[in-house]
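Just so it is clear, none of the values below were taken in a lab; they were calculated from the coordinates. Quick caveat, the model's predicted, so the values are computed rather than measured. In this analysis, Cβ positions are derived from the backbone assuming ideal geometry, glycine residues included, and neighbour counts consider all displayed protein chains.
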Amino acid sequence: MGDLLVPLYTLPEISKKPEQSWTIRKPIPPEKYVITEWVGTHFSKQWQSEVEVALSQNPASCLIAVEDNQMIGFACFNVTALSFFGPTGVSEKARGRGIGLQLLIQSLLEMKHMGYAYAIIGSAGPVDFYKKAVGAIEIPGSEKSIYQGMLR
């Protein structure tokens, strides 16, 4: 799978749902170990590494979704490369409620406010989701990505 390009000047509006019980916010430094351990447990050690980098930046280039004082999702940007979105994930029990969509759009808005006109979603997984949600388009010839040759 290749990379996707997202125009940040055409992002959809996002509003909090009346029944929404979660919040999306920037984490603070004392939460770093909780967040990185959660990502490593629920996703992968590679993503845990990227989250550690995101949380080491000031301000953090990561957003988290929290419900009942528990982490249920995260999204990073400007980590593997400048203008890159990801990784991102939502816990299995919290999926299907729009949390991932909110994390995506709020992260992309953060990037827009930083001065970016476009974002890249590297080696995008759910391509159709990104196309529908934020108008992402496939970048021709991007099958060989920044992740090529990565140590695992």
> Given the chain, what percent of its DSSP beta bridges are antiparallel, to the nearest 5?
Replying inline: 90 percent
>> If each residue of separation counts as 0.36 nm, what is the full-extension length gain between T23 and N69 once their alpha-carbon separation is subtracted?
In response: 15.6 nm
> Where the centre of each part is set by its Cα atoms, how far does the stretch 97-135 sit from the stretch 67-89, in angstrom?
Replying inline: 11 Å
>> Over the stretch 1-116, what is the relative contact order in percent, taking alpha-carbon pairs closer than 8 angstrom and at least six residues apart?
In response: 24 percent
> So how do 20-30, 97-107 stack up, highest first, on mean other-Cβ count within 10 Å?
Replying inline: 97-107, 20-30
> Going by how many other beta carbons lie within 10 Å of each one, how would you line up M1, M111, M71, fewest first?
Replying inline: M1, M71, M111
> About the Cα centre of the stretch 1-147, what is the dipole size in debye to 20, counting +1 per Lys and Arg Cβ and -1 per Asp and Glu Cβ, all else neutral?
Replying inline: 180 debye
> Is any residue of the stretch 24-42 close enough, with backbone N under 11 Å, to a label point placed 7 angstrom from the Cα of I14 along the Cα-Cβ axis, and if so, which?
Replying inline: 24-25
>> Explain nothing, just compute: Karplus ³J(HN,Hα) = 6.51 cos²θ - 1.76 cosθ + 1.60, θ = phi - 60°, for every residue of the stretch 80-85 in order, whole Hz, x for Gly and Pro.
In response: 5, 8, 4, 6, 8, 9
